[in-house]
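All remarks here apply to the structure that follows.
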Amino acid sequence: MTAESHIRSSVNERSDVTGSEIETPSEPPVQQAPPPPPAAPVPMPWPRAALYMLASLLLSLTQGLGMNLAAANLPQLQGPLGATTNEVTWLIAAYMAPNVSLSLILVKVRAQYGLRNFAELSILLFVLVMLLHIFVRDLQSAMIVRFFSGIAASPISTLAFLYMLEPLPPEKKLTVGQPLVLTNIALGAPLARLISPDLLMMGDWHGLYLFEIALAMMAFAAVYLLPLTPPPRAKVIHWLDVVSYLFIAVGFGLIAMVFALGRVYWWFEAPWLGVMLAVGLASLTCTILIELNRENPFLDIRWLTSKEILHLAGTLLVFRLLMSEQTAGAFAFFQALGLQNDQMTTLSLVVIGASIAGGLAYILLVKPGRENAAQMVALGLLMVGAFMDSNATNLTRPEQMYVSQALIAVAGVLFLPPAMATGLALALKRGPTFILNFIVIFLTTQSLGGVIGSALVGTFITWRTRFHLQDIVDHLVSTDPLVTQRIAQLAGAYGRVLTDRSLLNAEGVVLLGQQVTREATVLAYNDAFLAISLFAAFALAAMILHLALRAIRKSISPEPQPAAS
């Protein structure tokens, strides 16, 4: 996405300069030497190039931690904000509502008003919004600040791409720069869990936002000290673009909120969820109607619904849903068992190390033509890792999942770079303006797909927990001697403080109910892990079959004959 547009703009700029140096002769034509070819760009000195790459890493972590610090600490934020479990989930919904769509219009804003202005104003807005966290005192003010944080964070990931690509030669932008940025972005979630305990110890909610403010200040300094090469400007924003974007923002934002809140309020028990979903779908329908009747559309709906693009979108969405095994699966599993982030420190370090190793392995081993192999390896690793996790018990602890979660982390950084390169190639076949259409695909499958994936996995776990809970309860009969013995054993813990036999028995029943719920929860997570593993196996088989059919069609199709002279 960003890589190809960055390459294209620099090439266009050089061609414009070359063209302006050629004058039309007013005298009779005379023999002239052809103009010299444009000079090759001077490579950036490596110390300065390293600074740009470090700035990209800083921006990636700033964006990733800003999004994940609150999400990784929702139970810990309930007390300081005076909120229930359901209410604190609104922090996620408020952040994602503007964040999932704003990158669309920012592409055109950057092209029309200049990259330098875009970078400086974006990071300045981000700093100002981070400073608003100082005034947060309750859930309502926190939701307002998180909403504006979602707006301010949208351009940060784009800046991370641009700063990584700036010092690299054109042939390295996609093969080195893009995998590095995607790897850096993948570090946000595990790093948030790693540093959260110390930040919360420093000052609860205030510790989290003070760290976000510090990162924003550092990113602010990096952007102003390290300017990006400005590509040529062009007037590309039409008033109908703004209208279409507003409908997209409402549609994507409401859908993101529905999936963020649906699992905790339950889908069919809160009528306002259905109203939000209906309004969101109606807004997207209005966008489609507008764009289908425009001569120069903001989004090319016909191209977006073509067979190739639907296949790419399906591939990206399926993988994003599968990656929910790590975020909404393994870490949520340990939280359900009562573990805190400080007890999962080593697991977070393992995931970070595996992500970095996977990104470096991709750069070193995946050459042009091996993209499909990298994606198949990623699906295989994800399938194996999820299957390993499906044998968990209530005694499973993070150290038993080091290998499986490392495999899934490597899979995450192996899959996206080739998929992104494929999408760019399809877009550029139709022209540079189709880059924005590819951004819609990538944005929908990653940002919105992440919310949908977590919601689906969480809903599946809730459903299977209820199923297993009912199944276990049906087999617990009060007349069973084993059940009676277990209740007596559990009630024994209160034997020194309670003398009433009926109260002791009641406490034993309560403790037994807690154990039954825990076992049902463990079984539900095992079902989810197994389902994800089977889904990954199905996706891998479908990909192998697709490649095999394509190879067969290519081998039996007649070779094109050269035209007769």
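The values are calculated or read from the model by the stated rules, or taken from the named source; none is laboratory data. Computed from a prediction, not measured in an experiment: that's the story for all the values here. We place every Cβ from the backbone using ideal geometry, glycine too, and count neighbours over all the protein chains shown.
Numbers for the structure displayed
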| read-out | value |
| --- | --- |
| When residues of the range 221-254 are limited to those that are assigned to a loop (DSSP other than H, G, I, E, B) and among the hydrophobic types (A, V, I, L, M, F, W, C), the one surrounded by the most Cβ atoms within 10 Å (Cβ to Cβ) | 228 |
| Failed criterion for residue 84 (all others in (1) without any contact (Cβ under 8 Å) to a residue 12 or more places away in the chain; (2) buried (at least 22 other Cβ atoms within 10 Å of the Cβ) hold) | (2) |
| Selection within the range 344-402 - among the β-branched types (Val, Ile, Thr) and assigned to a helix (DSSP H, G or I) | 345, 346, 350, 351, 352, 356, 363, 377, 384 |
| Criterion violated by residue 284 - all others in (1) more than 25 Å from residue 423 (Cα to Cα); (2) surrounded by fewer than 20 Cβ atoms within 10 Å (Cβ to Cβ) satisfied | (1) |
| Whichever residue in the range 488-530 is of a type in the set (A, V, I, L, M), part of a helix (DSSP H, G or I) and at pLDDT below 75 and, among such residues, is nearest to residue 389 (Cα to Cα) | 490 |
| Matching residues in the range 87-122 - criterion: being of a type in the set (Gly, Ala, Ser) and buried (at least 19 other Cβ atoms within 10 Å of the Cβ) | 93, 94, 97, 101, 103, 111, 119, 122 |
| Unmet criterion (only one of (1) at pLDDT 80 or above; (2) more than 18 Å from residue 447 (Cβ to Cβ)) for residue 133 | (1) |
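Residue by residue, here is whether (1) at pLDDT below 85; (2) on the phi > 0 side of the Ramachandran plot; (3) aromatic (Phe, Trp, Tyr) holds:
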| position | (1), (2), (3) |
| --- | --- |
| 139 | yes, no, no |
| 177 | yes, no, no |
| 184 | no, no, no |
| 201 | yes, no, no |
| 229 | yes, no, no |
| 239 | yes, no, yes |
